[in-house]
Every structure is written in structure tokens, then in C-alpha cells.
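**Student:** Supplied in C-alpha cells, the structure appears directly below.
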Amino acid sequence: MYFMDIFFTKDLKSKLMQKLEQDISAIKSKWTNPRMDLIVVGDNPDAASYARVKQKFWETLWIQVNIDFFDENIYNDELEK
């Protein structure tokens, strides 16, 4: 049964990736290239690692990703700039 779970999971992932690629292509054909900005506040290595994993994922779909790292003492009005 475990093997079947893995099989269906891979199948689902493949279908989701195809759908994402289609959606992104539709966006790119109508507008400009989409971009994702990730904001990491503080020096938590897990948060930075998570952001880099997300960056790699979205870049496989040709989405420009920008990661901004900020000190944990930053104020909201500074982030909004």
C-alpha cells in the first residue's frame, strides 16, 4: 500500500505541475512576467532555507524570485517601503 501512495503522490504532483505551467504561461501571454518577492525577517536559518527552497521551486517554472532579508528589529513602516 505504501508504494501505491507514493505512485499516486507522484502522479498528483505531475498533474499539479502541469496545471501550474499552463496557468503561468497564460499569465505571461496576457501580461508581463510574474515575479515573487519573499521577505525573511530575522536571522532564523530555517526561514532562510525555506525561502531558498521556494526560490528554486518557482525558478523551475521561470518565475523571477527576489528574497529580501531584514533584521529582526525592523519596523513595519520600513518593510512597507
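**Student:** Hey, what angle do you get for helix 2-30 against the long axis of the chain, alpha-carbon based, 0 to 90 degrees rounded to 10?
**Tutor:** 60 degrees
**Student:** Heavy atoms only, probe 1.4 Å: what % of the accessible area of the chain goes to carbon and sulfur, would you let me know?
**Tutor:** 56 percent
**Student:** Which whole-number value in Å² is the accessible area per residue of the chain, probe 1.4 Å?
**Tutor:** 87 Å²
**Student:** Grab the Cα-Cα distance for K28 and Y75, subtract it from 0.36 nm times how many residues apart they are, and report the gain in nm with one decimal.
**Tutor:** Result: 13.5 nm gained on full extension.
**Student:** Shifting gears a bit: What does the convex hull of the alpha-carbon atoms of the chain project to on average, in nm²?
**Tutor:** If you wrap the Cα atoms of the chain in a convex hull and average its projections, you get 7.5 nm².
**Student:** Expected output is a single nm value to one decimal: the length gained when fully extending between M17 and L61, i.e. 0.36 nm times separation in residues minus the C-alpha distance. What is it?
**Tutor:** 15.0 nm
**Student:** Here is a follow-up. Residue farthest toward the positive end of the dipole of the chain, with Cβ of Lys/Arg at +1 and Asp/Glu at -1: which of A48, Q18, Y75?
**Tutor:** Q18
**Student:** Would you kindly state the longest site-free stretch of the chain, with sites defined as GluC sites (Glu not before Pro) in a DSSP loop (not H, G, I, E, B) surrounded by at most 12 other Cβ atoms within 10 Å?
**Tutor:** Counting at most 12 other Cβ atoms within 10 Å as exposed, the longest clean stretch of the chain is 1-71.
**Student:** On a 1.4 Å probe surface of the protein chains, which of I67, I39 comes out largest in accessible area, and what is the full order?
**Tutor:** Correct descending sequence by accessible area is I39, I67.
**Student:** Which order do L12, L38 take by accessible area at a 1.4 Å probe, largest first?
**Tutor:** Descending order: L12, L38.
The values are calculated or read from the model by the stated rules, or taken from the named source; none is laboratory data. A quick note: this is a predicted structure, and the numbers were derived from the prediction, not measured. So basically every Cβ, Gly included, is an ideal-geometry build from the backbone, and we count neighbours across all protein chains shown. Areas reflect the complete protein model, heavy atoms only, side chains present, ligands, DNA and RNA absent. Shrake-Rupley method; radii C 1.70, N 1.55, O 1.52, S 1.80 Å.
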